1. Which condition number in (1) more than 27 Å from residue 37 (Cβ to Cβ); (2) in a helix (DSSP H, G or I) is the one that residue 134 fails?
2. Of all the strands (runs of 3 or more DSSP E) wholly in the range 152-252, which have at least 3 residues that are surrounded by 22 or more Cβ atoms within 10 Å (Cβ to Cβ)?
3. Starting from the range 86-114, take each residue that is farther than 23 Å from residue 233 by Cβ and modelled with pLDDT of 95 or more and list its partners that are outside any helix (DSSP H, G or I) and away from the ligand (no atom under 11 Å from the Cβ), counting only C-beta distances under 6 angstrom and pairs at least six apart or across chains.
4. For residue 146, work out the one condition from (1) over 26 Å from residue 101 (Cβ atoms); (2) exposed (fewer than 12 other Cβ atoms within 10 Å of the Cβ) it doesn't fulfil.
5. Against the conditions (1) farther than 23 Å from residue 132 by Cβ; (2) away from the ligand (no atom under 15 Å from the Cβ); (3) surrounded by fewer than 16 Cβ atoms within 10 Å (Cβ to Cβ), where does residue 65 fall short? Just the number, please.
6. Among the numbered criteria (1) in contact (Cβ under 8 Å) with a residue 40 or more places away in the chain; (2) within 16 Å of the ligand (Cβ to nearest atom), which single criterion is violated by residue 36?
7. Please determine whether any residue of the range 71-79 is assigned to a helix (DSSP H, G or I), in contact with a strand residue (DSSP E or B) (Cβ under 8 Å, 6 or more places away or on another chain) and within 11 Å of the ligand (Cβ to nearest atom).
8. When you go through 201, 233, 156, 179 one by one, which is the residue that is away from the ligand (no atom under 16 Å from the Cβ) and either in contact with a strand residue (DSSP E or B) (Cβ under 7 Å, 6 or more places away or on another chain) or within 23 Å of residue 43 (Cβ to Cβ) (or both)?
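The values are calculated or read from the model by the stated rules, or taken from the named source; none is laboratory data. Worth saying up front: this structure is predicted, and the values here are computed from it rather than measured. Positions of Cβ are backbone-derived with ideal geometry, glycine not excepted, and every protein chain shown enters the neighbour counts.
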Ligand code: FPP
């Protein structure tokens, strides 16, 4: 709910037990009363990154297999992309599969590979028509099925010329793995120790052209980063939403942006 609506929950401060902000709905199944107009005129983040968490719990609560939760998460992903486009967000990064998610049960992993492949096949044309450039961040290692890699390459190629928004799917992605890969590249490039600085590392990350996220949103009420964009989030604003990913909609994104607009970013300096 909007913070200026009587009775709405306010921003939660550190001393309160519940550290999530009021980007959950007013009640079960209700959406935050936020429209794009509420946030469009304020400071719009250039880059928003989302941890799409809570699909399994959403399904469990309904007595469904976890995979049904992932399937239901597709609508949330598409609505979030729509909301981000409406708002003029230029960079949207979605955490779709981590380097640690291989530890999940084999049938869930198999499902997620097929799910992501199908998502690309069925959605890339409409994303392309909307001017979205699709990219991926993560390791292209032997564990990712070839047919998934093929779909990824096709989607990258199809949408390479789009600039309205860049949608990066973090897939087989780990923040530590990305830093390890950057260090490996430094060594392979023969960079001497004295020349290693932040720029040398940054330019060897998966997408050096991408600005750091201004805002990271994690759903499901968990207060963790879970190995997401560790280098890039040094000064990102973090918003934790008490809603399971399949229930997330653009209104939650707008509410998170409204919360972001209330934050005072100092980058270690003073206001
Ligand atoms: C991090 O939590 C969350 C993720 C890496 C997102 C995982 C998302 C999916 C598998 C489904 C993607 C859905 C769509 C619609 C594409 P974690 O569970 O990896 O880490 P934790 O154990 O610390 O919570």
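1. (2)
2. 165-173, 215-218
3. Final answer for the pair search is 113/145.
4. Against the list (1) over 26 Å from residue 101 (Cβ atoms); (2) exposed (fewer than 12 other Cβ atoms within 10 Å of the Cβ), residue 146 comes up short only on (1).
5. In the conditions (1) farther than 23 Å from residue 132 by Cβ; (2) away from the ligand (no atom under 15 Å from the Cβ); (3) surrounded by fewer than 16 Cβ atoms within 10 Å (Cβ to Cβ), residue 65 misses (2) alone.
6. (2)
7. Taking every residue of the range 71-79 in turn, at least one turns out to be assigned to a helix (DSSP H, G or I), in contact with a strand residue (DSSP E or B) (Cβ under 8 Å, 6 or more places away or on another chain) and within 11 Å of the ligand (Cβ to nearest atom).
8. Step by step, each of 201, 233, 156, 179 is checked, and only 156 is away from the ligand (no atom under 16 Å from the Cβ) and either in contact with a strand residue (DSSP E or B) (Cβ under 7 Å, 6 or more places away or on another chain) or within 23 Å of residue 43 (Cβ to Cβ) (or both).
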